[in-house]
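Q: For reference, the structure I am asking about is given below.
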Amino acid sequence: MSNSLVHLHLFPLIALLVILKFSLCFSASLEWYDDCGKYFSCGNVTKVGFPFWGSESRPKNCGYPGLELGCEGNATITLGIMGMKYRVLDINQNTQMLTIAREDFWEGICLQRFVNTTLNFELFEYGPGLQNVTVLYGCPSPYASVPGQFTCKMNDLNDTTAFPEQGALGPSGCNASVVVPVVDPLVDQIGNVSLDQVINHGFRAKYKVDSFCIECEGSRGRCGFDLNENKTSCLCPDGSVGHTKCYNNNNKDYASPGDQHWHLAAKLVPFSLSLLLKTSLNMELSAPSFCVIMLITVFPLFRLQKSANAYTEYETCSRPFQCGSINNTQYPFYDGYVRPEYCGYPGFRINCSSPVPQISVTSSENYYVVCIKEELRVVTVARKDYWDGYCPNGLSNTTINVTLFEYYAPTFANLTLYYECLDTSYPRNQFQCGNISSEAPVGYFVGNMTSAFEDGIPLGTCKRNVIVPFIKYQSNTDRITDILSLMQAFRTGFDLEWKAENNLCDACTASGGACGHNTTTGNFACYCFDRPYDSTCPEKDRHKGILIGVVAGGVGLAAALFVCASLFIAQRRRQLLSHTRSKDLGPGTPITAFLSSNGFQSSKGFTTTPSTDLSRSIPSYPSSKSDLENASAYFGVKVFTCNELEEATMNFDESRELGDGGFGTVYYGVLHDGSLVAVKRLYENSCKRMGQFMNEIQILAHLRHKNLVTLYGCSSRKSRELLLVYEYVPNGTVADHLHGKLAESCDLSWSTRLSIAVQTADALAYLHESDVIHRDVKTTNILLGDNFQVKVADFGLSRLFPSDVSHVSTAPQGTPGYVDPEYYHCYQLTEKSDVFSFGVVLMELISAKPAVDITRHRHDINLSNMAIDRIRNHALHELVDPKLGYDKDCVVQKMVKLVAELGFKCLQPDRETRPSMHEVLESLREIEKEVMNTQKQVVVDIQETDDEAGLLKNVTPPLSPESRDE
């Protein structure tokens, strides 16, 4: 079949696929917009909108995942928080304030479970005017005279004394306690008004919502929640999804995702028409281009292999894994590495990297996993703070997430530890904790309250107590007689029964499936041979579907590859024949041909025909006709043989390793002429690596800047190794000096760090002026030469394209901690992505902290989040590297504030509000100039100046988040 006939058949199919895809996108977006325009109403509370959702009126993607409202009897609104059910008494959406009361107290003051009141502080904060009241249960006779007492039946005991006490900790000696927030004026009324009336009056909690929702709704948008991206979205009337608000369709600076989709389709149609035109003129299409189009059209055939992928999921979730010393770990547990998230259940991620596995059974604390009893659905855990001793840094009772766990009744018992006891006359069950109280260091431990009072242990003099669950046989005081047996009991832990759709999992495994969950919806999933199901695998021949899918997909793929290979071989032969008749092209031709073949045209000098601007940007390596014919130059750079580079690096000896990155290892090398080089060896010679290999050469071949690493050469594309040869930069990376192997031996002064920032910004601004986006800006890619001269490196992820082309990538790449958050939302690549990454680099220079550190608090794991939080809360001093002398040097303090303010602008979530790289560079140069001027104008006058602020003359910096408050 001729090429013209192929193109004529392919064109309508391509057009049909494009129309189908984008029409489906629009219909889904418009349905989402309509759904989120509806309100939740129940009883006296009406018209409740974002961030709440619930019932059929407002689906899950119209509110935050943790703010689902229920309606009972069309009169009572309920809300679940941290596994606790609350009754919603009022919702004020103007002040973002809820009035809620605990459902268990509403049913009666004598509780079945004793659980303190806790909120999810990612979604809520306590309202003003509240005090904690502790309700104490099972108190002994010494407290019988306390006012406000009442009686409750507890477990196997008869009526026992109970009473409320103001504060979060009441007197010790009672079996159980529950802390409840109460409105201030009602605290003093306890005793005059019944306790249940006081508690059921409720308390106020403020819910948190993205501030941009006001802007979104003001632009005729509706706030929703993207469950795939796990972030808030602005839904627009035209079916598009905005970043912070909806824009007028006449606004040329804004293109909705729908506009972008149709823009791409509009680009594709002329492209296809041009192919038809070429065919009509008897111009042959290249083999790679034909292969791309053909693979697009046969893609539906490859979807038949979906069943094979499902079988892989089934196999993965069917296999248990080993976590530390625990064997045969299965659902609902997962580690996210050996066992992927979809094979577990939300909330059951287990950390296997530590010597003893860890799991979170509350929202904030990890517990050690002692063992897992699969047949009982019981996990035995132990408190980390009591693992190595009985005197932790902070005293707190044991709490669990009651949505996922409950105490295992057959083995459950409590052990109480009493601290700060004044009466030390009783010698048994005694321990000492000087770190908690030096004045009253003595404490007691008891496993049975009744026997403790019968034995005369003076617990009434103890100020504080902590209840720790234990396995029942370990809580017997006859067994725990000394500190050693107490420590053994701590490490034995206690049993928790897990709740992870247990009944569904039983049904799934009985039908031959493997238990897991859908990571998109969060619902249970039963992975079967052919595909995932909601509950069980159907009764049918499961293997038949697999076989059909694999065979059909394999045949289609083999046919496509055969045609591609045939076309490629034929075209290659024609190229070789034409190459022998071609004239000498010179080193600039390849990059020009590359730009021309991709239709690039820019206002900055890159055109589809050779220009003087482009010629100046291409390196002028010495070359000759014989060099080109012998393939000794590629895109204008020298081509080395693998043997040359193996000899230069001592056969890639480990002692020559300089670093290890995401795409390859870099080695130190010495060429025949004595030149020192750095050789990057890509991990594998695959299509993906070949693309990165060619991309980096194409980028660096036409760029020259003092702060960009110089590419000396590369290996041939046909060689067994993909190797890139750079200039050798001897002084490590910025990351090494800030928080790596060189951090202790070499402190970077503030002036040096500022110089590094200026040089890096200069290099990035040059790249952006040349229509290049780096896409992987980070401190490990900023090399330092002699005198700390910056060399920006690693262009494997970079992109070269003109400024009037909107590039969309559906495969986000980069390094965690540096990636533009908007990139995950819209998949659109702009130079503002580099600006965000550079903002993270600025914060690293200020703080000497890595961009990502999982040992920090979960809200501070990403340095960008940590920096924004500290600057907003006027706590910049908590972020600054102590080595800079921020508190002592007022010049450094002012300059750090200015750079922090600039970094704050770079880290804005909306890329439109970020400055350009050129503006960042100019700001840094102004700051650097101000440093020099300030140092010249510092005047030390001992007789006239008492305040160190008087040392600064004529310095008027712009307001930073810190200085603005001052």
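Q: Outside any helix (DSSP H, G or I), touching a residue at least 24 places away in the same chain (Cβ under 8 Å), not small (Gly, Ala, Ser) and not assigned by TED's automatic domain parsing to the domain that holds Arg491, is that true of Pro355?
A: no
Q: Please go through segment 367-388 and pick out each residue that is assigned to a helix (DSSP H, G or I), under 30 Å from Asn435 (Cβ atoms) and in contact (Cβ under 8 Å) with a residue 40 or more places away in the chain. First the steps, then the outcome.
A: First pass over segment 367-388, keeping only residues assigned to a helix (DSSP H, G or I): 374-376, 384-386.
Narrowing the set further to residues that are under 30 Å from Asn435 (Cβ atoms) leaves 384-386.
Of everything in segment 367-388, just one residue is assigned to a helix (DSSP H, G or I), under 30 Å from Asn435 (Cβ atoms) and in contact (Cβ under 8 Å) with a residue 40 or more places away in the chain, namely Tyr386.
Q: Every residue in segment 864-878 that is buried (at least 19 other Cβ atoms within 10 Å of the Cβ) and either closer than 23 Å to Ser360 by Cα or of a type in the set (Asp, Glu) (or both), please.
A: Result: Met866, single match.
Q: Within segment 489-503, work out how many residues are among the aromatic types (Phe, Trp, Tyr) and part of a loop (DSSP other than H, G, I, E, B). It would help to see each step written out before you state the result.
A: Looking only at segment 489-503, we keep the residues that are among the aromatic types (Phe, Trp, Tyr), and these are 490, 494, 498.
Then keep just the ones that are part of a loop (DSSP other than H, G, I, E, B); that gives none.
Of the residues in segment 489-503, 0 are among the aromatic types (Phe, Trp, Tyr) and part of a loop (DSSP other than H, G, I, E, B).
Q: Here is a further query. Out of all the residues in segment 356-390, which are farther than 14 Å from Glu497 by Cα and of a type in the set (D, E, K, R)?
A: If the condition is that a residue be farther than 14 Å from Glu497 by Cα and of a type in the set (D, E, K, R), then Glu365, Arg383, Lys384, Asp385, Asp388 are the ones that fit.
Q: While we're on this one: Can you tell me which residues in segment 45-67 are part of a loop (DSSP other than H, G, I, E, B) and without any contact (Cβ under 8 Å) to a residue 24 or more places away in the chain?
A: Hits for segment 45-67 are Ser55, Glu56, Ser57.
Q: Hey, another quick one. Quick test of your reading of the structure: Arg113 fulfils all but one of (1) within 16 Å of Val198 (Cβ to Cβ); (2) surrounded by fewer than 17 Cβ atoms within 10 Å (Cβ to Cβ). Name the failing condition by number.
A: The failed condition is (1).
Q: Can you tell me how many residues within segment 35-49 are surrounded by 16 or more Cβ atoms within 10 Å (Cβ to Cβ) and either in contact with a Gly (Cβ under 6 Å, 6 or more places away or on another chain) or assigned by TED's automatic domain parsing to the domain that holds Val88 (or both)?
A: 2
Q: How many residues, within segment 68-87, are outside any strand (DSSP E or B) and at negative phi?
A: Filtering segment 68-87 down to residues outside any strand (DSSP E or B) leaves 73-75, 82-83.
Applying the additional criterion that residues be at negative phi yields 75.
Residues meeting the conditions: 1.
Q: Is it fair to say Ala735 is within 27 Å of Val670 (Cα to Cα) and assigned to a helix (DSSP H, G or I)?
A: Here the answer is yes, as Ala735 does meet what is asked.
Q: In segment 740-762, what residues are at pLDDT 90 or above and over 13 Å from Leu784 (Cβ atoms)?
A: Within segment 740-762, Ser749, Trp750, Ser751, Leu754, Val758, Ala761, Asp762 meet the criteria.
Q: Are any of the residues in segment 845-854 farther than 23 Å from Ser233 by Cα and either of a type in the set (Lys, Arg) or not assigned by TED's automatic domain parsing to the domain that holds Ala763 (or both)?
A: yes
Q: Considering only segment 393-439, state which residues are among the aliphatic types (A, V, I, L, M) and surrounded by 18 or more Cβ atoms within 10 Å (Cβ to Cβ). Lay out the reasoning, then the answer.
A: Initial filter on segment 393-439 (among the aliphatic types (A, V, I, L, M)): 395, 400, 402, 404, 409, 413, 415, 417, 422, 436.
Matches in segment 393-439: Ile400, Leu404, Leu415, Leu417, Ile436.
The values are calculated or read from the model by the stated rules, or taken from the named source; none is laboratory data. If you're wondering where the values come from, they're calculated on a predicted model, not measured in any experiment. Ideal geometry is used to build each Cβ from the backbone, glycine not excepted, and the neighbour counts take in all protein chains shown.
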